[in-house]
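Read through the structure below, which is laid out as structure tokens, and then see the notes.
The values are calculated or read from the model by the stated rules, or taken from the named source; none is laboratory data. Everything numeric here is computed off the predicted structure, so don't read it as measured data. So basically every Cβ, Gly included, is an ideal-geometry build from the backbone, and we count neighbours across all protein chains shown.
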Amino acid sequence: MSSQLYVAQVVLIGSGALLLLARSSLILRLQVVIWMIGVTFLALRFGSTEQLNFYSNDQRYYVDIASQIALLDVNLDLDWWLSYSKIPYTLPAGILAAIGIAPSLALKTISLLCLLLLTRLVLATFQPQTVRATLLTVFFTACGGIGLFYSILALRETMMMLFATYFLVSKVPAARVIALVMLLLLRPHLAAALLVGALFVQIWESMRSRRRESTGSIALLTVLSVVGGYLLFSAGLWWQYRLVGVVGHQWGTAVVTRAASNFVGLQFLTARSETVEFSLASLLALRVLLSETILIPLGFMLALLLRPAATTTIGRTALVSLAMYIGLVTNTDFNSFRQNIPFMAVMGIVILSAWMPSKSQTGNTPTTKTFAT
């Protein structure tokens, strides 16, 4: 497909979204406009094919699957559908591709849709009353720079962020089950960390039902969860391959530092050099541009450690699941801030819930409520 036709489709999809959002929050419409600009820039700058190498060539994988679905040229093996197709993301994109949308643009459209749904959930939860409060809410829940960046890519990050948020925050059991199943199909070890983390928190809270959390107990919970993720990795190898006693690393200063870097968004400083595709200068520039990658996890940990008595079940479950996930992924060669992204929105919810009430006298505090749907 030519770049001109690709851009024409971007304009068509963006215009349709703006029309549907005519009575919605201005933030949602701004997200659509920025998405249109970003997707158009990539298409014109790199071309409709070469743009799939921008940032991550994983995009090629998803485009291939969406294209196969559009052409009904798919693998009939059940294991392929459950393990390799990433069907929650590629199937709706494949349907769009079947009606003539470029497969890569179809995937980016699904990414945008997930971002819009997540933003609506966040804004409905906090109901910010001022522009400043709205911008803070969007920034700290990763619906700003991070969410927009990944919405213009053919990657599944915004969808995982949406479903992880539903699982961690929704009070509707059916919604949580559906979200967990979707995550299981998108990234199985993330779903495992969330499920085991939620169960672990139930046990933890029942054991400490009459005790208030302290900084020490939060630190202990974090350490136990990281070790739990380490053991979960071994359990996964046994489940899949019947391998016993196999681990990805032995504990030491380097491994502990690598795990700790995940809690402040500085994974690239401790990652193995052979697994890092970008230069240090590029990675630092990306952190400056997307400062949320550092400020959200750092703010999340500070909120829990400095105000432990205010920690809620949602905060504990997010912490434990994130720590377990970190303990799991540090067994592998793939450890980057992308692995924190599914937790970013909930980390932001914890930050805002912990710190914004202290500013209630200013009139800038959003009113919070739990997702009921």
### Message
Scan the stretch 222-229 and tell me whether some residue there is at pLDDT 90 or above and over 21 Å from the mean Cα position of the chain (by Cα).
### Response
yes
Of (1) within 22 Å of LEU286 (Cβ to Cβ); (2) touching a residue at least 60 places away in the same chain (Cβ under 8 Å), GLU50 satisfies every one except (2)
Within the stretch 90-143, residues being at pLDDT 95 or above, among the polar types (S, T, N, Q) and not in a helix (DSSP H, G or I) number 1
Expected single match for outside any helix (DSSP H, G or I) and outside the structural domain of LEU91 (by TED's automatic domain parsing) among SER217, SER209, SER234, SER225 is SER209
query = On the given criteria, is PHE167 in contact with a helix residue (DSSP H, G or I) (Cβ under 9 Å, 6 or more places away or on another chain) and without any contact (Cβ under 8 Å) to a residue 60 or more places away in the chain?
reply = yes
Going through the stretch 47-65 in order, the residues found to be assigned to a helix (DSSP H, G or I), within 17 Å of SER151 (Cα to Cα) and among the hydrophobic types (A, V, I, L, M, F, W, C) are LEU52, VAL63
Counting only residues in the stretch 1-16 that are surrounded by fewer than 18 Cβ atoms within 10 Å (Cβ to Cβ) and of a type in the set (Ser, Thr, Tyr), the one modelled with the highest pLDDT is identified as SER15
Q) THR158: closer than 20 Å to SER25 by Cα, at pLDDT below 95 and not basic (Lys, Arg), yes or no? A) no
Residue set ARG316, ARG338; condition modelled with pLDDT of 90 or more, of a type in the set (D, E, K, R), farther than 20 Å from ALA124 by Cβ and assigned by TED's automatic domain parsing to the domain that holds TRP251; output residue ARG316
Would the stretch 134-150 turn up any residue that is of a type in the set (Val, Ile, Thr) and surrounded by fewer than 24 Cβ atoms within 10 Å (Cβ to Cβ)?
-> yes
Of the candidates SER358, SER321, the one satisfying the condition of being in a helix (DSSP H, G or I), at pLDDT below 85 and of a type outside the set (D, E, K, R) is SER358
* Among the residues of the stretch 17-40, is any under 19 Å from SER3 (Cα atoms), at pLDDT 95 or above and among the polar types (S, T, N, Q)? -> yes
- Hey, any hits in the stretch 66-82 for a residue that's assigned to a helix (DSSP H, G or I), free of Cβ contacts under 8 Å to residues at least 12 places away in the same chain and touching a Phe, Trp or Tyr at 6+ places or on another chain (Cβ under 7 Å)? no
Looking across the stretch 39-72 at residues that are crowded, with 16+ Cβ neighbours inside 10 Å, closer than 22 Å to LEU12 by Cα and of a type in the set (Val, Ile, Thr), the single one that is farthest from the chain's Cα centre (by Cα) is THR40
